[in-house]
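Since the structure comes first, as structure tokens, the remarks are kept for the end.
A short reminder: the numbers here are calculations on the coordinates, not readings from a lab. Just so you know, these numbers come straight off a predicted model, no measurement behind them. All Cβ positions, glycine included, derive from the backbone under ideal geometry; neighbour counts span all protein chains shown.
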């Protein structure tokens with residue numbers, strides 16, 4: 001393309017955006033979409049990235065979205081994926097949509113960040129995070145997505161026939177389909193498909209880790225930010241079948257009646273799911289499956305083999321993750337039965353043994369918080385980081401330690417406020433420590449998304465993590481780099497948190 005042709009193309013794009021006024025219009029590979037103008041940027045809500053997974057497409061991988069003829073109105077968020085809400089059901093099976101916030105519809109080739117929400121893989125939605133947090137001031141195209149949840153996203157039916165071999169990974173494949181849509185269309189929104197960062201926290205981080213070790217995702221992203229999540233969510237097919245049996249029991253069926261799940265109503269399925277997932281055990285009940293197709297081999301081995309070379313990764317956990325899941329008065333007389341068994345199932349004895357070792361020096365509550373932090377999150381994040389960096393993949397490790405005046409304040413999810421709410425914090429009455437934390441966390445994330453390196457101007461210097469030199473950035477009242485002499489690793493504990501035998 002000549003210079004004059006490039007100039008004409010830019011002018012046409014700018015004219016299109018100006019003529020659209022409050023309704024920017026963009027042509028995608030499926031057809032034209034019309035968004036809205038918010039805070040001076042273009043926002044497109046509820047963009048369909050795949051066919052609705054209903055009818056014959058339930059329990060099937062996402063199908064490419066068919067083109068539409070009229071301009072599609074993308075001014076409102078789509079429904080969330082079907083999920084429990086108290087005693088009711090909310091959302092819709094027709095849920096495969098994404099939301100896109102772009103600072104400009106032009107040829108600037110901006111960096112792109114794609115947010116995958118958390119929620120135990122049974123709840124949440126893309127609209128739960130506001131894309132303006134990175135788009136408005138940081139010039140980053142921000143995308144948030146929905147994916148199928150719970151039994152509709154992760155129910156393993158692979159033993160019913162080859163057409164269902166990937167049924168345990170539908171939520172994962174939804175994310176891959178969204179990445180493919182971004183790869184195919186982001187240039188039209190002013191983005192660069194070669195500067196894509198995927199980012200998630202909790203179940204979002206776990207799911208993205210599984211996406212990373214799924215070959216179908218190769219080439220669709222260049223960087224990943226995994227907050228409190230790793231490949232510990234992937235279970236073997238035996239566990240997946242045994243978990244399915246617990247769901248079948250809730251709908252009055254036996255282990256051999258799995259085929260009847262193909263015709264049960266979605267609402268009935270989600271109501272049964274809510275009962276099975278009640279309590280702390282629901283945090284780990286659903287997740288991706290080693291099905292031999294979508295995820296063909298152990299996630300750590302996949303990373304060790306160098307199959308994630310060329311990817312750059314931030315991985316981290318919070319100092320007291322476990323405090324978000326258990327109160328001081330909720331431990332009970334026998335935590336092995338009330339906490340560890342529903343949460344870890346066959347792995348419960350190992351977590352229980354660690355807990356009792358800690359009781360020699362810690363109070364019961366402090367010991368419980370440390371145990372849940374290690375066995376649910378921390379140990380697994382360091383395992384994955386070790387596998388990645390051992391194969392030469394650049395990894396930056398962090399630890400979120402800011403307690404905000406509370407004895408157990410660095411809980412699961414607490415860092416999100418400073419990463420996504422930085423603009424508000426910096427103009428609020430929050431104290432100096434909180435403002436500095438927002439500058440450091442949000443700033444490092446922005447620098448990484450834009451350059452692949454979290455070391456930006458005015459930010460604390462964050463060295464890479466190595467298995468021989470375990471340097472970790474600690475975000476707290478005062479940011480500092482620490483060197484870990486050792487990393488706790490219970491070698492008897494398998495790579496999956498949730499195992500049923």
Using alpha-carbon positions, what is the distance between the centroids of the stretch 338-389 and the stretch 49-90, in Å? 37
Taking N as the number of residues in the stretch 114-154, what is its Cα Rg relative to 2.2 N^0.38 Å? 1.33
Once the Cα atoms of the stretch 128-283 are picked out, what are the Rg and Dmax in Å? 17.7, 55
At q = 0.11 Å⁻¹, base-10 log of I(q)/I(0) for the stretch 299-483 (Debye sum, equal scatterers on each alpha carbon): -0.56
So if I take the centroid of the Cα atoms in the stretch 232-250 and the same for the stretch 134-156, what is the distance between those two points in Å? 25
Between residue 265 and residue 426, what is the label-to-label distance in nm when each label sits 7 Å out along the Cα-to-Cβ direction? 5.1
So what is the diffusion coefficient of the stretch 270-329 in µm² per second by Stokes-Einstein at 25 °C and 0.890 mPa s, using a Kirkwood Rh over Cα pairs? 159
In the list (i) 84, 41, 32; (ii) 72, 44, 36; (iii) 73, 56, 44, the entry giving Cα extents along the principal axes in Å computed from the coordinates is (iii)
Between the stretch 414-444 and the stretch 95-132, how far is it from one alpha carbon centroid to the other, in angstrom? 20
Quick one: divide the alpha-carbon radius of gyration of the stretch 62-110 by 2.2 N^0.38 Å and tell me what you get. 1.59
What does the helix-only formula give at 222 nm for the chain: each DSSP H stretch with n ≥ 4 adding -39500 (n - 2.57), the total divided by the residues, and the result rounded to the nearest 500 deg cm²/dmol? -9000 deg cm²/dmol
Any idea what Rg and Dmax come out to for the stretch 19-173 if you just take the C-alpha atoms, in Å? 16.6, 55
Pairwise label distance in nanometres, residue 334 with residue 256, each label 7 Å out on the Cα-Cβ vector: 3.3
Can you put 305, 319, 227, 486 in order, fewest other beta carbons within 10 Å first? 486, 305, 319, 227
Spin-label model distance (nm) - residue 404 vs residue 309, 7 Å beyond Cα toward Cβ: 4.3
Given the stretch 23-283, report the % of alpha carbon pairs whose separation exceeds 30 Å. 26
Sort the stretch 408-462 into rounded, prolate or oblate with this rule: let a ≥ b ≥ c be the square roots of the eigenvalues of the Cα gyration tensor; rounded if a/c is under 1.5, and if a/c is not under 1.5, prolate when a/b is larger than b/c, oblate otherwise. prolate
Put in order of increasing Cβ neighbours within 10 Å, starting from the fewest, 475, 286 give 475, 286
Sort 343, 358, 484 so the one with the fewest other Cβ atoms within 10 Å of its own Cβ comes first. 484, 358, 343
